[in-house]
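Please read the structure below before turning to the comments.
The values are calculated or read from the model by the stated rules, or taken from the named source; none is laboratory data. Note that the coordinates shown come from a computational prediction; the quantities given were computed from them, not determined experimentally. FYI the Cβ positions are ideal-geometry reconstructions off the backbone, even for glycines, and counts take in every protein chain you see. Just the protein is used for accessible areas: all its heavy atoms, side chains included, with ligands, DNA and RNA removed. Shrake-Rupley method; radii C 1.70, N 1.55, O 1.52, S 1.80 Å.
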Amino acid sequence: MKERGAIVVIFITSFSFFLSYFSRIAWSIVSVYSSLKPTELQDGIIFSLFFIGYVIVQIPSGFIANSYSKMTSLVSLLGLSLASFLSGYANSITFEYLASILMGLFAGWIYPTTIRILSCKFSGRELPIAIGYYSLAWPLSIVLSGVILPYFSIHFSWRFPYYLISVMSLLAALSYLPMRIKNSKIERKSLFIVAKNRSVIIVSLSGFLFFLSYWIITLYAYKYFLTLGLNAYLAGFAYSMLALTGIPSTIISGYIIRKIGIKNSLTLFEGIYGFLTLNLSYYLSLIQIFLVTSVMGFVRFIITPANSSAVSTIDRKNAGSVSGFANFFWQSSGILAPLIASIIITSIGFNLLWTLAGFIIIISSFIYLFLLKIKE
């Protein structure tokens, strides 16, 4: 496709993905400053409710995205706009519970539909490159969360970030109106047939284990850095380092994946990420924290596009349904992660939490060794 058109498609889909992720992790920071003063358990419930809503729509959204990717993207962003406004408006924890699950129900459509759009617009070796740029949304959302959310929450209000997300989601939804998407002919497959694919099962299972640990890190790292004695801004910067170095690695990730392959990329970089997570258990100095988090950020955001490349190439004609099925398991881990983390933190502490998370990621990397060769 023409270069200008390609850039526009990547930008719009990436911005949509950014919003679905930014809205998801915002509470991990703004909750510290919330006038609702949530307990550790209430925090965990709010996170889990988001993921329950998110997971419920994954499989249906994948199958619907195969034929109606533009419409589902537009509607989901409009819904995310409404849910984000309600989250900012919440005057009680119960109201926040409701807004959180509603936010998950709408945000859950965005990943499968945008992946489907990219698979329609790009093909062959162009697709991993496009997904690499698309995946910039992930590190950018974490970087901006750590940099701007503490500032907005302290100087304006903890509600302000949600109102900002609401406005941006509305603008993103409107950007799909002029987009022309020609869905390629698809081979309709039942959920049972998709689930029988060995590669789909491996990517789903291994991804579940990886994301179980990843959500623990993403949702609780900021609070951990505060317990180490870092002030709000240093903790925010350390949190941002979990993704800041991921910006250049995301840009080059497509070339790395193309060079060594999807399977090798997932096995190698997940293994490294697991060992780095273990290092969070041993706090020696501020320099160590910034060094470990910066390397984690670089490695992590090679894994993201490798996952997306896997689900988009296992069965290209049904990329929406495959990504929806796999993402169902990936994000299901988000339901368990905050509950497990809150129990471990309150009963034992953060050190064991990072040790457990690291070993789970290492196990996940070994499972990818059984992945069948993917035709890229």
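The table below gives the values:
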{"quantity": "Computed over the stretch 1-152: relative contact order in percent, which uses C-alpha pairs under 8 Å that are six or more apart", "calculated": "40"}
{"quantity": "Loop chymotrypsin sites (Phe, Trp or Tyr not before Pro), the stretch 251-291, which have at most 15 other Cβ atoms in a 10 Å radius of their Cβ (DSSP)", "calculated": "Tyr282"}
{"quantity": "Where chymotrypsin sites (Phe, Trp or Tyr not before Pro) fall in DSSP loop in the stretch 126-167, at most 15 other Cβ within 10 Å", "calculated": "Phe156"}
{"quantity": "Peptides 9-16, 303-310 ordered by average Cβ neighbours within 10 Å, highest first", "calculated": "303-310, 9-16"}
{"quantity": "Karplus 3J(HN,Hα) series, Hz, for the stretch 158-175 with 6.51 cos²θ - 1.76 cosθ + 1.60 (x for Gly, Pro)", "calculated": "5, 7, 4, x, 5, 5, 5, 4, 4, 5, 5, 5, 5, 5, 5, 4, 5, 5"}
{"quantity": "Over the chain: helical MRE at 222 nm, DSSP H runs n ≥ 4 each giving -39500 (n - 2.57), nearest 500", "calculated": "-27500 deg cm²/dmol"}
{"quantity": "Choice from Phe95, Phe17, Phe210 with maximal GNM fluctuation in the chain (Cα, 10 Å cutoff)", "calculated": "Phe95"}
{"quantity": "Hull shadow area, averaged, the stretch 238-310 [alpha-carbon convex hull, nm²]", "calculated": "4.5"}
{"quantity": "Sulfur and carbon atoms: percent of accessible area, the stretch 205-327 [1.4 Å]", "calculated": "74"}
{"quantity": "Per-residue ³J(HN,Hα) for the stretch 261-272, Karplus 6.51 cos²θ - 1.76 cosθ + 1.60, θ = phi - 60°, Hz, x for Gly and Pro", "calculated": "x, 5, 4, 5, 4, 5, 5, 5, 6, 5, x, 4"}
{"quantity": "Over the stretch 204-252 - Rg/Rh using Cα atoms and the Kirkwood inverse-distance radius", "calculated": "1.08"}
{"quantity": "Relative contact order of the stretch 64-171, pairs being alpha-carbon contacts under 8 Å that are 6 or more residues apart, as %", "calculated": "41"}
{"quantity": "Length-normalised contact order of the chain in % [C-alpha pairs under 8 Å, at least 6 apart]", "calculated": "28"}
{"quantity": "Choice from Lys70, Lys223, Lys37 with maximal GNM fluctuation in the chain (Cα, 10 Å cutoff)", "calculated": "Lys37"}
{"quantity": "Most mobile listed residue (Met168, Met103, Met296) in the chain, GNM with C-alpha springs under 10 Å", "calculated": "Met168"}
{"quantity": "Under Karplus coefficients 6.51, -1.76 and 1.60, residue-wise ³J(HN,Hα) of the stretch 341-353 in Hz, glycine/proline x", "calculated": "4, 5, 5, 5, 5, 6, 9, 10, x, 6, 4, 5, 4"}
{"quantity": "Estimated Rh, the chain: Kirkwood, alpha-carbon pairs, angstrom", "calculated": "20.3"}
